[in-house]
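Below is one structure, written out as structure tokens; comments come after it.
The values are calculated or read from the model by the stated rules, or taken from the named source; none is laboratory data. Since the structure is predicted, the reported quantities are computational estimates derived from the model, not experimental observations. Ideal geometry is used to build each Cβ from the backbone, glycine not excepted, and the neighbour counts take in all protein chains shown. When the accessible area is computed, the model is the full protein with side chains, heavy atoms only, and any ligands, DNA or RNA have been set aside. Shrake-Rupley method; radii C 1.70, N 1.55, O 1.52, S 1.80 Å.
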Amino acid sequence: MPKKNKIIIIGAGFGGITLAKFLKNENVEVLLIDQNNYHNFQPLMYQIATGGLEPYSIAYPVRRILRQRKNVRFRMAKVKSVDTDKKKLKTSVGSFYYDYLIIATGSKSNFYDFDAIKNILFPLKSIPDALNMRSFIFQNLEKSLTKQKDESLEEILNIAVVGGGPAGIELAGALAEMKKYVIPKDFPDLDITKLSINLYQSAPKLLKTMSDEASQKTLEYLEKLGINVFLNSKVTNYDGDKLILSDGSSFATDTLIWTAGVKGATIKGLPDKSLAGGNRILVDAFNRVKYTESVFAIGDVAAHITEENPRGLPMLAPVAKQQGKSLAKNIIRMIKKKPVRPFVYKNRGVMATIGRKKAVVDLPNWKIQGSFAWFLWMFVHIISLIGFRNKFVAFFDWFSNYLTYDKPLGLILRPHKRK
């Protein structure tokens with residue numbers, strides 16, 4: 001009996017999970033490695049941070065996803081490095097040899113010049129990030145009801161969101177709705193007018209990758225929700241109490257939420273010339289990592305640079321899913337000595353939500369805003385969740401919120417202190 005090819009996938013995100021699924025029942029041995037034992041639905045992370053959903057609504061155990069895939073195994077481990085010459089992957093639970101290695105490690109927050117103080121910022125790239133943010137915001141709400149000698153009420157309550165991409169505007173919108181509908185009910189003795197939500201975008205428009213119509217409508221929605229939006233505004237300094245802008249103006253706040261950028265979460269051992277800008281990995285049209293053999297990369301961490309896409313494909317879930325499916329088929333073709341086919345991304349649209357009945361959707365031939373866009377956004381995100389229970393819980397929570405203008409939040413189960 002011929003030896004089965006060993007395929008290692010690093011990362012249980014959209015790309016890694018899709019790839020593993022499409023290798024089901026093939027004559028290969030697949031090992032999926034991730035430092036967490038769950039797949040989380042990143043687009044809804046802001047809902048965890050603001051209490052609209054609980055973590056179990058967007059997270060699903062990897063082993064349960066792989067139950068019916070007998071040729072796929074899972075190990076919870078951290079990857080240390082790869083030796084591409086020996087085809088050997090070193091991890092926290094030992095070393096593994098491979099015939100094909102797929103890097104689907106996704107992205108992580110890019111703090112740029114603020115890396116030295118990242119521990120006092122609030123990123124939104126993981127469930128622990130979201131829970132820390134939620135706890136800190138509600139700790140400050142409780143703190144605001146007691147007299148503080150060294151801090152003003154505004155500094156305790158104010159929230160700054162840095163970054164005007166989908167994560168930033170969705171989070172800002174959810175915070176504004178929380179301020180309007182939830183906090184007055186739970187904190188009736190709090191002067192809510194002291195709470196300001198500021199959103200800072202260094203570029204001249206919000207949602208840079210979407211249409212001008214979507215960007216303008218998003219700005220309109222945010223301002224109607226009472227959010228102070230500052231375009232062409234770059235944050236230059238933050239000391240934990242006050243942020244400073246390039247024009248010299250400042251904003252007092254204990255809570256600075258960082259959604260200003262991401263970079264590829266690469267692994268050690270790859271040739272330096274295989275890396276592109278944004279810490280992404282250079283790949284060809286077949287998702288092969290350049291200057292290596294039998295190593296591939298998909299999703300946010302991969303950059304296929306062409307004249308049409310000088311910065312690589314957008315770091316979106318649909319890209320990762322389509323690459324995972326395409327690569328699974330190509331690997332089987334390679335094993336069977338058949339010609340491989342180049343990956344072609346099919347853009348089916350981009351969307352973002354700003355709040356209740358407020359969303360923007362850019363389809364290839366249509367641009368939609370408002371209530372219909374919001375219902376479309378909600379439908380797409382619910383059906384994209386893994387597991388019937390997750391779909392049901394998310395729908396029930398959202399439907400309940402829609403009827404009551406309320407959210408099931410407020411529990412400080414794990415208090416968070418900035419380091």
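Taking Lys208 as the residue in question, decide whether it is open to solvent by 50 Å² or more (accessible area, probe 1.4 Å) and within 14 Å of Ile354 (Cβ to Cβ). For Lys208, the condition - open to solvent by 50 Å² or more (accessible area, probe 1.4 Å) and within 14 Å of Ile354 (Cβ to Cβ) - is not met. Scanning the range 228-254 for residues being of a type in the set (A, V, I, L, M) and in contact with a Pro (Cβ under 8 Å, 6 or more places away or on another chain) gives a total of 1. Of the residues that make up the range 187-199, is at least one surrounded by fewer than 17 Cβ atoms within 10 Å (Cβ to Cβ) and either of a type in the set (A, V, I, L, M) or touching a Gly at 6+ places or on another chain (Cβ under 8 Å) (or both)? Yes, there is a match, as at least one residue in the range 187-199 is surrounded by fewer than 17 Cβ atoms within 10 Å (Cβ to Cβ) and either of a type in the set (A, V, I, L, M) or touching a Gly at 6+ places or on another chain (Cβ under 8 Å) (or both). Looking across the range 211-227 at every residue that is closer than 19 Å to Leu363 by Cβ and touching a Leu at 6+ places or on another chain (Cβ under 6 Å), the one that is surrounded by the most Cβ atoms within 10 Å (Cβ to Cβ) is identified as Thr218. Only residues that are in contact (Cβ under 8 Å) with a residue 40 or more places away in the chain, in contact with a Phe, Trp or Tyr (Cβ under 8 Å, 6 or more places away or on another chain) and not in a loop (DSSP other than H, G, I, E, B) were counted across the range 241-290, and they come to 8. Can you find a residue in the range 400-413 that is open to solvent by less than 60 Å² (accessible area, probe 1.4 Å), in a helix (DSSP H, G or I) and within 26 Å of Ile17 (Cβ to Cβ)? No: the range 400-413 contains no residue that is open to solvent by less than 60 Å² (accessible area, probe 1.4 Å), in a helix (DSSP H, G or I) and within 26 Å of Ile17 (Cβ to Cβ).
Which one is most open to solvent (accessible area, probe 1.4 Å) among residues in the range 307-327 that are part of a helix (DSSP H, G or I) and farther than 18 Å from Gly165 by Cα? Across the range 307-327, the extreme among qualifying residues is Lys325. In the range 208-224, what count of residues is obtained for those that are out of contact with any strand residue (DSSP E or B) (no Cβ under 6 Å at 6 or more places or on another chain) and not in a helix (DSSP H, G or I)? Residues in the range 208-224 being out of contact with any strand residue (DSSP E or B) (no Cβ under 6 Å at 6 or more places or on another chain) and not in a helix (DSSP H, G or I): 2 in total.
Here is a yes/no grid of residues against (1) in contact with a His (Cβ under 6 Å, 6 or more places away or on another chain); (2) within 30 Å of Gly173 (Cα to Cα); (3) polar (S, T, N, Q); (4) free of Cβ contacts under 8 Å to residues at least 60 places away in the same chain:
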residue: Thr306; (1), (2), (3), (4): no, no, yes, yes
residue: Lys329; (1), (2), (3), (4): no, no, no, no
residue: Ile332; (1), (2), (3), (4): no, no, no, no
residue: Met351; (1), (2), (3), (4): no, yes, no, yes
residue: Val360; (1), (2), (3), (4): no, yes, no, no
residue: Asn365; (1), (2), (3), (4): no, yes, yes, yes
residue: Ile383; (1), (2), (3), (4): no, yes, no, yes
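Restricting the range 114-163 to residues that are free of Cβ contacts under 8 Å to residues at least 12 places away in the same chain and over 30 Å from Gly16 (Cβ atoms), the residue that is surrounded by the most Cβ atoms within 10 Å (Cβ to Cβ) is Gln148. Looking across the range 164-174 at every residue that is touching a Ser or Thr at 6+ places or on another chain (Cβ under 7 Å) and of a type in the set (A, V, I, L, M), the one that is most open to solvent (accessible area, probe 1.4 Å) is identified as Ala167.
Residues in the range 1-15 that are more than 13 Å from Arg75 (Cβ to Cβ) and in contact with a helix residue (DSSP H, G or I) (Cβ under 9 Å, 6 or more places away or on another chain): Asn5, Ile7, Gly13, Phe14, Gly15.
All of Ile65, Ile58, Ile48 fail the test of being under 30 Å from Thr353 (Cα atoms), touching a residue at least 60 places away in the same chain (Cβ under 8 Å), open to solvent by less than 10 Å² (accessible area, probe 1.4 Å) and touching a strand residue (DSSP E or B) at 6+ places or on another chain (Cβ under 7 Å), apart from Ile58. Phe372 - would you say it is at pLDDT 90 or above and surrounded by fewer than 19 Cβ atoms within 10 Å (Cβ to Cβ)? Yes; evaluated as a whole, the condition is true for this residue. Residues in the range 83-104 include at least one that is in contact with a helix residue (DSSP H, G or I) (Cβ under 7 Å, 6 or more places away or on another chain), assigned to a loop (DSSP other than H, G, I, E, B) and either surrounded by 20 or more Cβ atoms within 10 Å (Cβ to Cβ) or touching a residue at least 12 places away in the same chain (Cβ under 8 Å) (or both).
Condition check ((1) over 21 Å from the mean Cα position of the chain (by Cα); (2) of a type in the set (Ser, Thr, Tyr)) across all residues:
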| site | (1), (2) |
| --- | --- |
| Ile197 | yes, no |
| Ser215 | no, yes |
| Thr218 | no, yes |
| Asn228 | yes, no |
| Leu231 | yes, no |
| Thr253 | yes, yes |
| Phe286 | yes, no |
| Lys290 | yes, no |
| Ala302 | no, no |
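Of the candidates Gly52, Gly11, the single residue that is under 29 Å from Leu124 (Cβ atoms), among the small types (Gly, Ala, Ser) and at pLDDT 90 or above is Gly11. For the criterion of being in contact with a helix residue (DSSP H, G or I) (Cβ under 7 Å, 6 or more places away or on another chain) and either open to solvent by 10 Å² or more (accessible area, probe 1.4 Å) or closer than 30 Å to Tyr238 by Cβ (or both), Thr266 passes.
Among the residues of the range 15-27, none qualifies, meaning not one is in a strand (DSSP E or B), over 26 Å from Thr259 (Cα atoms), modelled with pLDDT of 95 or more and not polar (S, T, N, Q).
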